[in-house]
Each structure stands twice: as structure tokens, then as C-alpha cells.
Amino acid sequence: MARATTYTVSCFILSAFVLSSRGQAEAPVSTVSSSQPVRQCTGAGQICATCDTVSVCIANVDGSITSVNQSCHADENCVDGQCVQGALCNYRPFQCSEDGFYPDPYDCTKYHVCVGAVGRLSFQCPEGTSYDALSSSCGYPLNTTACIDRPVPDCSQRLQIGAVPTNPNLYYICVEHDGTLAPELYQCPGGYTFNAAKLSCKGAEETSSGKKDKKKSKKSKE
């Protein structure tokens, strides 16, 4: 059965613009570059700016941040702010796995629309705004959690699985391919959220009934 998102995507293509939940018309830009984005410093510490570049982020007394970049050796890639020998690159251009709207895993200002007959359409939010995975719209500030921590957690191991933090209806699976270890995004049916512990999509009723069962078991023990 086709999901409602398929119809939404079709309307999106015909109208040639996305109407955000805030009532703003956002002109689509389908020529988004697939090159690796450079992660910017948001606080003091060390981060992976790219697969093979470490950024040392220094917090200044005036609130600004100074970044110093260091490239890794040819046989290294950056993991958790450190160059690690033999580590896989954590970046791979986004590829569609299922129909729907998806945040770009690496850039909070970009999103992708996947529809079977058309394939992938990639878009850039208006300047100075970010994409919100829960409302599937732009217009949000650049200091959101998705911008500070990235829309999707970095992959640290093969088959790492979890819900997308800003929208648990979406989930990711880290897959190794062509020397890279990157997340592939999937979507639960409407009204369902992904449960990483159970490796399945759970409905609201199922979740609430589970809580009730736990309460009953506690009372019976008492």
C-alpha cells in the first residue's frame, strides 16, 4: 500500500515548491552539491571537520570560536575528533532507501525528497535557516540540536541502528560500502516511532499499553 508521503511528494513535484508548516513558500533548489560538507565549530573541543580533517575549536573570551584544522595522514580518517589509522570515512552522498522526506545526515540546512518514479530530489533551505525533520520544513534557526550535533549521529560501527533524534519516526542503519561507513535512512509508518531496543516500529497504543503492563506487574509484586 502506498504511503501518504507518496501523494505529498507528487503534489510537491507538480507545484514546484514546498509549503512549510509555518506557511512560508520555500523555493526548491535541486542542484545541491553532493560534495562533503565541512563541519563547523560550535564550542570548545575537537571535532571531525571532514572525513580526513580534525578541527581544534578554541573558545575565545568574547564568545567567538577560533578553529585550527589539521589533515590526517593518507591511511587515516577522523573519528570522534581524532585521526585513526585504518578508520573508515564517515561520509557518503545521500541515497534514497524509501520514499519520503529526509534530513541530510550531515548538513542541517539541507533535506532530500525520495519518490520511486523520480528518484532523489535534494534541496537547500533559505539562507540562515535549518531543516526540521519533525515538521518536514525549513525556517528554523541554525542553533538547533540538529545543527549542533548533526541531524543524524555519526556512525562509529557497522550496523549501528537508532532513531533520528529530531524525529523518531525516522531511523538509520550504518552500512559499510566502498570504504565508507555511513547512515542509510528509513521511515516507520505514520503514527509509529522506531524502538532501537526492539529493532521495530512501535505505535503509540502499543507503547502506552506496554507502560500499563509494567505498572500492573509492579503492583502485583507489591
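Are any residues in the range 151-181 within 27 Å of Gly86 (Cα to Cα) and of a type in the set (A, V, I, L, M), and if so, which ones?
Within the range 151-181, Val152, Leu159, Ile161, Ile173, Val175, Leu181 meet the criteria.
Would you please list the contacts, defined by Cβ atoms under 6 Å and residues six or more apart or on different chains, that run from a residue in the range 57-77 that is touching a residue at least 24 places away in the same chain (Cβ under 8 Å) to a residue that is surrounded by 12 or more Cβ atoms within 10 Å (Cβ to Cβ) and part of a loop (DSSP other than H, G, I, E, B)?
Ile65/Cys41; Ser67/Cys41; Asn77/Cys51; Asn77/Asp52; Asn77/Ala87
Among the candidates Phe101, Phe94, single out the residue that is under 19 Å from Val175 (Cα atoms) and surrounded by 20 or more Cβ atoms within 10 Å (Cβ to Cβ). Outline the logic, then answer.
Values: Phe101 fails: under 19 Å from Val175 (Cα atoms).
Within the list Phe101, Phe94, the selection yields Phe94.
Failed condition for Glu176, given (1) surrounded by fewer than 16 Cβ atoms within 10 Å (Cβ to Cβ); (2) of a type outside the set (Phe, Trp, Tyr); (3) out of contact with any Leu (no Cβ under 9 Å at 6 or more places or on another chain), with all others met?
Of the numbered conditions (1) surrounded by fewer than 16 Cβ atoms within 10 Å (Cβ to Cβ); (2) of a type outside the set (Phe, Trp, Tyr); (3) out of contact with any Leu (no Cβ under 9 Å at 6 or more places or on another chain), the odd one out for Glu176 is (3).
Restricting attention to the range 144-196, and to residues there that are touching a helix residue (DSSP H, G or I) at 6+ places or on another chain (Cβ under 7 Å) and without any contact (Cβ under 8 Å) to a residue 40 or more places away in the chain, which single residue is farthest from Gly100 (Cα to Cα)?
Pass one, the range 144-196, residues touching a helix residue (DSSP H, G or I) at 6+ places or on another chain (Cβ under 7 Å): 165-166, 190-191.
This time we only want the ones that are without any contact (Cβ under 8 Å) to a residue 40 or more places away in the chain, so: 165, 191.
Values: Pro165: 17, Gly191: 14 Å.
It comes out as Pro165.
A short reminder: the numbers here are calculations on the coordinates, not readings from a lab. Not measured: the values here are computed from a predicted model. Every residue, glycine as well, gets a Cβ built from its backbone with ideal geometry; the counts of neighbours run over all protein chains shown.
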